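Novice: Let me begin by handing over the structure; questions about it come next.
The values are calculated or read from the model by the stated rules, or taken from the named source; none is laboratory data. Computed from a predicted model, the values in this text were never measured in an experiment. All Cβ positions, even for glycine, are placed from backbone atoms using ideal geometry, and neighbour counts span all protein chains on display. To get the accessible areas, we keep the full protein, side chains included, count just its heavy atoms, and leave off ligands, DNA and RNA. Shrake-Rupley method; radii C 1.70, N 1.55, O 1.52, S 1.80 Å.
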Amino acid sequence: MVDVKARLRRVLLGCVLAAATVSHAQEPAEIIRLVDSPTAGLVDKGRFAVDLRMFSDGGLSGQLHAGILRRISIGLSFGGQGIIGNDAIDWYPRVEANARYRVIEESQGMPAITVGYETQGYGPYHPRRYQIKSKGMFTAFSKNYLSSLGQFGAHGGVNLSREDEDDGDFSGWVGVDKSINEELFAVVEYDFALNDNDDESLGSGRGFLNVGGHWSPVAELSIGLLFKNILENGDADIPGGPDPDLSRELSVRYTERF
């Protein structure tokens with residue numbers, strides 16, 4: 001038991017030291033998600049990433065991604081509402097999974113193309129589905145550009161969600177990321193939410209417009225402030241349904257080698 005505690009102390013100390021050490025030699029990690037929508041990015045082989053998302057009503061979700069091969073990453077996620085605060089915790093119903101495979105590497109004339117599957121949605125869990133549906137099966141593309149104004153990335157994708165009881169249509173998204181300086185970058189995404197606009201759905205047909213800003217004091221750490229559902233997509237008249245108003249969320253991402 002003593003040995004286990006000693007190992008845990010060493011691991012925690014190592015994480016703190018890694019986050020406090022500025023490393024100019026390491027390339028920044030690829031963006032694997034804009035706000036809620038995936039890019040064609042992957043966690044590098046031999047590395048893992050921990051993503052935490054804090055949302056309304058004391059909600060907290062965590063995702064673990066691991067790069068197991070050069071073109072393949074896998075992960076698990078879990079969370080719930082009321083984790084932060086003194087209310088009863090409303091856990092998500094299950095641990096969710098995700099996997100990605102990069103089919104085509106980015107080149108001068110071609111975007112990177114990744115296919116994947118993820119069952120983790122976002123926001124509170126309404127009966128049978130998340131407020132923001134999981135992407136399910138998806139294909140994402142990303143193309144990065146360099147100019148005198150800095151780095152700029154264009155992203156998009158199509159998906160078929162596993163949460164299809166209220167609306168089973170295909171959907172998709174588009175988005176961009178833009179570097180401001182070496183430590184700051186901004187993201188914008190628009191999720192068409194074509195699978196969330198039927199009469200029994202939580203969405204009201206406007207789609208989800210989300211923006212965010214991220215600060216990376218070191219290559220391994222990124223802290224983001226997200227503004228979600230700017231168009232207030234949702235139906236406030238659904239009994240017990242999620243709040244359709246704009247929400248503010250905080251994200252933290254840490255990457256490290258195995």
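Novice: Looking only at region 210-235, count how many residues are in a strand (DSSP E or B), surrounded by fewer than 20 Cβ atoms within 10 Å (Cβ to Cβ) and among the hydrophobic types (A, V, I, L, M, F, W, C).
Specialist: Qualifying residue count for the region: 7.
Novice: Evaluate region 55-66: report whether one residue or more is surrounded by fewer than 16 Cβ atoms within 10 Å (Cβ to Cβ) and over 22 Å from Glu163 (Cβ atoms).
Specialist: No, there is no match, as no residue in region 55-66 is surrounded by fewer than 16 Cβ atoms within 10 Å (Cβ to Cβ) and over 22 Å from Glu163 (Cβ atoms).
Novice: Keeping to region 70-94, report how many residues are in contact with a strand residue (DSSP E or B) (Cβ under 6 Å, 6 or more places away or on another chain), outside any loop (DSSP other than H, G, I, E, B) and open to solvent by 20 Å² or more (accessible area, probe 1.4 Å).
Specialist: 6
Novice: So is Leu149 modelled with pLDDT of 95 or more and more than 16 Å from Gln131 (Cβ to Cβ) or not?
Specialist: Criteria not met by Leu149.
Novice: Evaluate region 192-202: report whether one residue or more is in a strand (DSSP E or B) and either over 14 Å from Lys133 (Cβ atoms) or in contact (Cβ under 8 Å) with a residue 40 or more places away in the chain (or both).
Specialist: No; the residues of region 192-202 include none that is in a strand (DSSP E or B) and either over 14 Å from Lys133 (Cβ atoms) or in contact (Cβ under 8 Å) with a residue 40 or more places away in the chain (or both).
Novice: Restricting the search to region 215-257, which residues are among the hydroxyl-bearing types (Ser, Thr, Tyr) and more than 16 Å from Gly59 (Cβ to Cβ)?
Specialist: Within region 215-257, Ser216, Ser222, Tyr254, Thr255 qualify.
Novice: Would region 36-47 turn up any residue that is closer than 19 Å to Glu220 by Cα, in contact with a Leu (Cβ under 9 Å, 6 or more places away or on another chain) and either surrounded by 13 or more Cβ atoms within 10 Å (Cβ to Cβ) or at pLDDT 95 or above (or both)?
Specialist: The answer is yes, given that some residue of region 36-47 is closer than 19 Å to Glu220 by Cα, in contact with a Leu (Cβ under 9 Å, 6 or more places away or on another chain) and either surrounded by 13 or more Cβ atoms within 10 Å (Cβ to Cβ) or at pLDDT 95 or above (or both).
Novice: Picking from Glu118, Glu105, Glu30, which residue would you name as being in contact (Cβ under 8 Å) with a residue 40 or more places away in the chain, among the charged types (D, E, K, R) and either surrounded by 17 or more Cβ atoms within 10 Å (Cβ to Cβ) or within 23 Å of Val176 (Cβ to Cβ) (or both)?
Specialist: Of the residues listed, the single one that is in contact (Cβ under 8 Å) with a residue 40 or more places away in the chain, among the charged types (D, E, K, R) and either surrounded by 17 or more Cβ atoms within 10 Å (Cβ to Cβ) or within 23 Å of Val176 (Cβ to Cβ) (or both) is Glu118.
Novice: Looking only at region 143-165, count how many residues are under 23 Å from Tyr122 (Cα atoms), aliphatic (A, V, I, L, M) and either assigned to a loop (DSSP other than H, G, I, E, B) or open to solvent by less than 80 Å² (accessible area, probe 1.4 Å) (or both).
Specialist: 2
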